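Below: one structure, written as structure tokens.
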Amino acid sequence: MISSREKKIINELIYHNGTFLLIKELADTLGVSSRTIHRELKNVTDTLGQLGIELIREYRKGVKLELGPGEIDALTAFINTHAAKDLSNEEKKVALIYNLMLNPEGLKKSALAVELGVSEHKVDELIGQMTAPLQASDLEIRKTRAIGIQLVGDGLNKQNFLADMMVNELNSNSIYSVIENNFVFSSLVNSNIMGLLEADNIFKVERLLMDELEVLPYQLTENAYLNLTLHIVLAIDRTEHSQNVSVRESLKDELRDTQEFEVSLALTKKLEAEFSITFPEEEVYFICMHLRGSRRKSREADDADSIELLTSAFIDAVSHRMNYPFYAYPELKEGLILHIEPTLHRMESGIITANPLLDSIKESYPALFEIVGECFRQDFKVDKLNESEIGFLTIHFGGILHANPRIEVTTVCSSGIGTSRILANQLKSRFNNMFIRQELSISEIADTEIHDGELVLSTVPLDLENYILVSPLLDANDEKKITAAIADMDAAPLPKASGASTTRTEVNPDRVIQVSELYLNRSALTREQHTDALSSVRDALSSETGMAGEDIERIVSQLKDRFEATGFIIGEEGFSYPHIRSPLIKHHRMVFIHNHGGIGDRNYLGENVTVNHQIMLLVPEDTLAAEAISELSILFGEHHMNIHELFENPQKIEEAIKNHLRTIYK
């Protein structure tokens with residue numbers, strides 16, 4: 001998806017088609033920093049590349065597009081189709097509240113409009129939109145001639161309100177944008193040194209810088225870039241007050257032929273025009289010295305890759321500790337990658353960013369806050385990570401939790417280990433925020449506690465009021481029923497965080513023996529005459545198990561109840577899968593039946609189906625191999641439309657059992 005800011009940049013380029021735009025001009029138009037435009041242009045380049053359009057760049061001229069009428073129409077249609085929901089209004093609301101919190105004594109409307117990059121009328125509009133939500137939190141925005149605009153109310157209420165806005169209304173990229181463009185830069189603007197300088201000058205200088213620095217074959221660190229901005233503002237102040245600096249002639253000779261000196265010279269000319277001053281020659285060299293001192297090698301491609309890999313590992317670690325699949329949300333990773341790189345620069349440079357949401361975040365997500373901090377330190381190998389930065393990282397994860405609350409589920413099938421496991425696997429693949437709390441058999445559900453708000457999904461009819469009957473493979477109608485049920489439910493509490501490490505348990509030899517039975521007690525039958533599913537089961541029990549005739553009939557009778565309710569077919573016409581867990585069964589066994597004449601069965605829709613393959617699974621009542629059986633059931637379910645491949649090449653079945661045995665010994 002194309003972000004709202006990326007769309008605005010492309011629209012500006014289309015509007016000025018054929019004309020170069022400086023990064024400063026784009027930053028002024030969008031009301032953001034030059035560094036933000038610089039980052040967004042990478043995404044713009046990728047988006048344009050999808051349509052074979054080149055973003056033309058020239059040093060000191062800026063960027064432009066050269067498009068014909070047809071290309072303009074195609075590009076406009078593309079960005080309108082692929083643009084994400086425009087969140088700029090929500091971003092501005094967050095920035096508005098933050099700036100009012102930062103200035104409790106009040107701000108003039110004109111100053112607030114400049115800060116947000118909007119008109120004064122838009123400021124009034126934003127305030128009007130937030131009146132009711134603010135009142136619900138016992139907060140109020142007051143306007144007076146003497147003071148201006150002021151946020152009135154309890155300090156903690158202000159923090160909670162701002163935190164809720166960020167988590168509830170912004171996506172991960174927008175969270176990054178607000179933090180980077182408001183909290184980070186505002187922290188510097190409000191530091192002690194910034195109290196001596198004109199804030200307006202700082203933003204003017206920052207927006208001029210990036211167009212000149214692009215020619216350098218390396219990037220400045222976050223700290224070096226901001227320090228250069230401050231140094232230039234101080235240089236302007238010195239020049240306006242006729243204060244001089246001195247640079248040795250030998251050093252001038254050394255610097256004069258460097259690329260940094262050319263950049264410094266071009267930059268000071270622009271600054272002179274912007275601020276109507278004339279820099280002494282020494283100031284040009286002084287800026288050059290600062291650039292040389294800040295120099296670092298360009299980031300290699302694998303550095304960017306390493307940040308992406310580390311971010312993935314970080315998300316996986318938090319997912320494991322919180323028992324929640326954060327890894328399933330690509331937008332979280334995208335937002336974190338954008339956020340983490342400047343975070344690391346700030347940490348390396350000792351920049352401390354104020355986080356006005358910190359107390360609220362710690363109160364709302366105490367376990368998540370601690371785990372995010374621990375996992376970030378471990379995966380990014382950092383010792384010192386201040387709580388403000390942990391809080392900003394936590395907001396990204398909190399936003400995912402809020403948008404995708406945890407749903408607890410109990411799955412039920414006739415045995416508790418067959419189709420319920422196939423169902424559980426389908427649920428996890430289609431509903432990221434579902435947590436399978438338990439997998440039960442029909443006989444177990446009567447004696448098992450079901451939590452309030454828990455969803456019960458069954459592949460067989462139940463004597464319960466609130467449950468949903470579904471196919472193990474979940475068809476479109478099943479998904480609709482589940483989605484509707486979720487919409488009416490309250491979210492379950494946050495998953496309980498797990499410890500950083502797990503204790504190794506002793507290997508149970510009986511479990512090893514029982515899992516091994518699944519490998520050893522496999523047999524294959526080939527039949528030519530058409531038969532029905534239950535007769536096929538009776539025949540296999542008789543020829544492969546050595547069970548007494550009376551016990552065989554009791555097993556068949558139990559399976560008949562399941563057959564009459566839903567049939568044995570997996571999917572609409574996959575394969576027949578009779579499976580049973582019973583005290584009559586002494587050993588685990590699987591029988592693979594290939595009947596060329598066909599096996600008559602029924603699917604979950606009640607339709608009569610003839611298939612050529614049947615897998616009979618027999619499980620003792622006191623089984624210790626439930627996990628291995630579940631993994632095999634998933635494998636069968638994944639191959640339900642090409643089950644013949646597993647019959648012809650059983651290596652996948654064998655490997656699944658072997659892999660499970662290996663995990664027992666880990």
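Would you mind stating whether Leu271 is touching a helix residue (DSSP H, G or I) at 6+ places or on another chain (Cβ under 8 Å), more than 30 Å from Pro104 (Cα to Cα) and modelled with pLDDT of 75 or more? Give the derivation first.
Working: touching a helix residue (DSSP H, G or I) at 6+ places or on another chain (Cβ under 8 Å): yes; more than 30 Å from Pro104 (Cα to Cα): yes; modelled with pLDDT of 75 or more: yes.
So Leu271 fits the description; yes.
From the set of residues in the stretch 144-170 that are in a strand (DSSP E or B) and either at pLDDT 90 or above or among the acidic types (Asp, Glu) (or both), which is farthest from Leu112 (Cα to Cα)? Let's see the steps before the verdict.
Just the residues of the stretch 144-170 that are in a strand (DSSP E or B), to begin with: 144, 148-152.
From the residues that got through so far, the ones that are either at pLDDT 90 or above or among the acidic types (Asp, Glu) (or both) too are 149-152.
Values: Ile149: 9, Gln150: 11, Leu151: 13, Val152: 16 Å.
The extreme case among them is Val152.
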Legend entry - the stretch 379-405 - residue that is out of contact with any Ser or Thr (no Cβ under 8 Å at 6 or more places or on another chain), in a helix (DSSP H, G or I) and free of Cβ contacts under 8 Å to residues at least 40 places away in the same chain and, of those, nearest to Ser319 (Cα to Cα): Thr394
Inset, instruction - Mind listing whichever residues of the stretch 55-74 are among the basic types (Lys, Arg) and either surrounded by fewer than 11 Cβ atoms within 10 Å (Cβ to Cβ) or over 15 Å from Asn11 (Cα atoms) (or both)? - result: Arg57, Arg60, Lys61
Legend entry - the stretch 475-490, residues that are part of a loop (DSSP other than H, G, I, E, B) and either among the charged types (D, E, K, R) or at pLDDT 85 or above (or both): Asp475, Asp488, Asp490
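I'm checking my understanding of the structure. Among residues of the stretch 613-625 that are surrounded by 18 or more Cβ atoms within 10 Å (Cβ to Cβ) and out of contact with any Phe, Trp or Tyr (no Cβ under 6 Å at 6 or more places or on another chain), which one is farthest from Phe592 (Cα to Cα)? Even if it seems obvious, please write down each step before you answer.
Kept after step one, since they are surrounded by 18 or more Cβ atoms within 10 Å (Cβ to Cβ), are these residues of the stretch 613-625: 613-620, 623, 625.
Remaining after also requiring out of contact with any Phe, Trp or Tyr (no Cβ under 6 Å at 6 or more places or on another chain): 614, 616-620, 623, 625.
On the way: Gln614: 6, Met616: 7, Leu617: 9, Leu618: 12, Val619: 15, Pro620: 18, Thr623: 21, Ala625: 19 Å.
Within the stretch 613-625, the match that is farthest from Phe592 (Cα to Cα) is Thr623.
Here are Asn595, Asn608: which of them is over 40 Å from the mean Cα position of the chain (by Cα) and free of Cβ contacts under 8 Å to residues at least 12 places away in the same chain?
Details: Asn595 fails: free of Cβ contacts under 8 Å to residues at least 12 places away in the same chain.
The unique qualifying residue is Asn608.
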Inset, instruction - Within the stretch 134-165, work out how many residues are touching a residue at least 60 places away in the same chain (Cβ under 8 Å) and among the basic types (Lys, Arg). - result: 1
Legend entry - Residue that is surrounded by the fewest Cβ atoms within 10 Å (Cβ to Cβ), among those in the stretch 20-54 that are in contact (Cβ under 8 Å) with a residue 24 or more places away in the chain and outside any helix (DSSP H, G or I): Gln50
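Looking only at residues that are hydrophobic (A, V, I, L, M, F, W, C) and in contact with a Lys or Arg (Cβ under 9 Å, 6 or more places away or on another chain) in the stretch 391-432, which one is surrounded by the fewest Cβ atoms within 10 Å (Cβ to Cβ)? Talk me through it step by step, then tell me what you get.
From the stretch 391-432, those hydrophobic (A, V, I, L, M, F, W, C) are 392-393, 395, 397, 400-401, 403, 407, 409, 412-413, 417, 422-424, 427, 431; that's our starting set.
Subset that is in contact with a Lys or Arg (Cβ under 9 Å, 6 or more places away or on another chain): 409, 413, 417.
Numbers: Val409: 23, Cys413: 26, Ile417: 25.
Across the stretch 391-432, the extreme among qualifying residues is Val409.
Yes or no: the stretch 519-531 includes at least one residue that is in a helix (DSSP H, G or I) and modelled with pLDDT of 85 or more.
Checking the stretch 519-531: at least one residue is in a helix (DSSP H, G or I) and modelled with pLDDT of 85 or more.
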Legend entry - First in the stretch 210-232 and modelled with pLDDT of 80 or more, second anywhere and part of a helix (DSSP H, G or I), Cβ under 6 Å, 6 or more apart: Glu212/Val263; Glu212/Ala266; Glu212/Leu267; Ile232/Val205
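Matching residues to (1) outside any loop (DSSP other than H, G, I, E, B); (2) assigned by TED's automatic domain parsing to the domain that holds Ala146; (3) at pLDDT 85 or above; (4) among the aliphatic types (A, V, I, L, M):
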position: Asp73; (1), (2), (3), (4): yes, no, yes, no
position: Phe78; (1), (2), (3), (4): yes, no, yes, no
position: Val94; (1), (2), (3), (4): yes, yes, no, yes
position: Ile97; (1), (2), (3), (4): yes, yes, yes, yes
position: Leu112; (1), (2), (3), (4): yes, yes, no, yes
position: Val123; (1), (2), (3), (4): yes, yes, yes, yes
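The values are calculated or read from the model by the stated rules, or taken from the named source; none is laboratory data. This structure is a prediction, so every number in the text was calculated from the model and none was measured. Heads up, the Cβs are rebuilt from the backbone with ideal geometry, glycines too, and the neighbour counts pull from every protein chain shown.
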